[in-house]
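Note sheet for the following structure.
What follows is calculated from the coordinates using simple rules that are stated; it is not laboratory data. It should be emphasised that the depicted structure is a prediction, and the values quoted were computed from it without experimental measurement. In this analysis, Cβ positions are derived from the backbone assuming ideal geometry, glycine residues included, and neighbour counts consider all displayed protein chains.
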Amino acid sequence: MKTFACTHCGQRVFFDSTRCESCNSALGFVAERGEMAAFAIQPDGVWQRLDSAAPTLRYRPCQNYAVANVCNWMVGADAPGTLCRSCAYTAVIPQLSLPQNQRYWYLLEAAKRRLIYALDEIGLAIPGRSEDPQHGLMFHFLEDAPSKKVLTGHDDGLITLNIDEADDVKREARRTAMDEPYRTLLGHFRHEIGHFYWQCLIADGPWLPAFRQLFGDEMRDYTQAMEAHYQAGAPTDWPLNYISSYATMHPWEDWAETWAHYLHITEALNTAAHWGVSLALPEQPAPDPRRQSGRRRCAAVSRQADRAMAAAGAVSQQHEPQPGAARQLPVCAGRPGDRQARVDPPRGAGGTRAVCNGLAAAVR
Ligand SMILES: [Zn+2]
Ligand SMILES: [Zn+2]
Ligand SMILES: [Zn+2]
């Protein structure tokens with residue numbers, strides 16, 4: 001994630017900041033402008049921008065910022081709703097009578113804001129239930145009841161997250177037990193939104209034949225595939241053909257895992273570029289694929305993947321002396337000639353390129 005500058009004093013501030021450490025201004029993220037802005041709070045509750053860039057724009061904090069303190073995004077002062085565009089996607093929140101649930105809700109919303117920001121950066125439309133009452137995006141943050149266990153997953157636009165996943169101890173235990181190195185809150189969001197975009201972009205659309213060619217026939221019985229996966233596990237040679245062992249379960253999961261990894265890669269590259277980390281390869285700088293079309297777009301995304309591999313190599317080497325440190329980058333973290341020794345050995349270069357080409361074709 002990039003950092004931002006306080007629009008009043010220029011101090012470096014962060015995506016989750018609510019107050020400038022230097023000038024003490026109240027901060028809020030203005031999503032439609034991609035800015036972290038400094039504000040003076042007026043007696044009538046309106047937040048007036050302190051910078052001269054947009055002096056006439058007036059805002060108020062999202063209700064979940066002003067009341068619940070789980071958000072830091074802004075809403076136009078004259079906008080009809082009280083929630084920011086990220087919070088507005090959440091239809092069910094945890095029961096706040098339990099003290100830990102306030103913290104879990106904060107962590108879930110914080111991860112979701114990063115997802116929404118990344119999707120905005122890519123330029124993807126994110127239709128919610130107000131635009132598409134039947135299939136629009138919506139989130140339920142639920143907890144297990146004695147008689148009913150909550151399964152994290154996607155169903156026709158509804159993404160359900162078990163709030164247990166916001167408990168670091170429980171999630172880390174599952175991450176280790178299930179050998180899912182990228183099991184994080186944001187990882188869940190990136191995976192589940194992949195299912196959402198499969199429905200938006202692939203299902204019943206012109207990309208379905210190309211999807212089946214690359215990922216397989218999604219008409220395969222999902223329940224049978226899941227049972228087989230949890231009984232027999234992934235094929236031992238999965239690293240040669242899949243981005244994760246979970247991706248072997250069913251073409252839908254292969255897609256969602258690949259989509260999530262594309263978002264991991266994009267975010268890693270954006271962060272590296274923002275901090276001035278050079279990922280120079282002996283070739284021309286990769287053009288931004290969002291400004292390309294057709295085959296040129298595919299080639300640009302392939303070069304992005306190559307740069308991510310270079311970054312993964314560098315960062316994984318930095319983490320070598322820190323046993324237990326979370327893996328920072330998703331693909332191709334192996335050293336040459338050392339594939340079998342890695343927890344998550346790299347997908348074959350041809351496979352990665354094919355996947356990225358498929359994604360580039362689908363993301364428009
Ligand atoms: Zn400041
Ligand atoms: Zn909000
Ligand atoms: Zn899934």
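Using the Karplus relation 6.51 cos²θ - 1.76 cosθ + 1.60 with θ = phi - 60°, the per-residue 3J(HN,Hα) values for region 29-45 come to 8, 9, 4, 5, 10, x, 10, 9, 9, 9, 10, 9, 8, 7, x, 7, x Hz, with x marking Gly and Pro. Assuming charge only on the beta carbon of Lys and Arg (+1) and of Asp and Glu (-1), the dipole of region 16-98 about its Cα centre is about 100 debye to the nearest 20. In terms of surrounding Cβ atoms within a 10 Å radius of their Cβ, TYR230, TYR197 rank from fewest to most as TYR230, TYR197. Once backbone amide H atoms are built at 1.01 Å from N, TRP73 has PHE29, CYS62 as its partners under 5 Å, excluding neighbours fewer than 5 places away on the same chain. Here LYS170 is the anchor, and the lysines within straight C-alpha reach of less than 22 Å, apart from those fewer than 8 places off in the same chain, are LYS112, LYS148, LYS149.
Computed from the C-beta positions of GLN42 and ASP16, the FRET efficiency with R₀ = 22 Å rounds to 0.35.
Once backbone amide H atoms are built at 1.01 Å from N, GLY128 has LEU137 as its partners under 5 Å, excluding neighbours fewer than 5 places away on the same chain.
Can you pull the Rg over Rh of region 109-266, Cα-only, Kirkwood? Radius of gyration over Kirkwood radius for region 109-266 works out to 0.95. Just the Cα atoms of region 63-133, one point each, no solvent: what log10 I(q)/I(0) does Debye give at q = 0.17, 0.23, 0.26 Å⁻¹? Summing over Cα pairs of region 63-133 leads to -0.69, -1.16, -1.32. For region 96-107, putting each phi into the Karplus relation 6.51 cos²θ - 1.76 cosθ + 1.60 with θ = phi - 60° gives couplings of 7, 5, 8, x, 5, 5, 4, 5, 4, 4, 4, 5 Hz, in residue order, rounded to whole numbers and with x for Gly and Pro.
Taking θ as phi - 60° and the Karplus parameters 6.51, -1.76 and 1.60, the scalar couplings of region 69-79 work out to 6, 10, 8, 9, 9, 10, 10, x, 4, 9, 5 Hz in sequence order, x denoting glycine and proline. Summarising the amide proton neighbourhood of THR90: residues at separation of 5 or more, or on other chains, whose placed amide H is nearer than 5 Å comprise PHE139.
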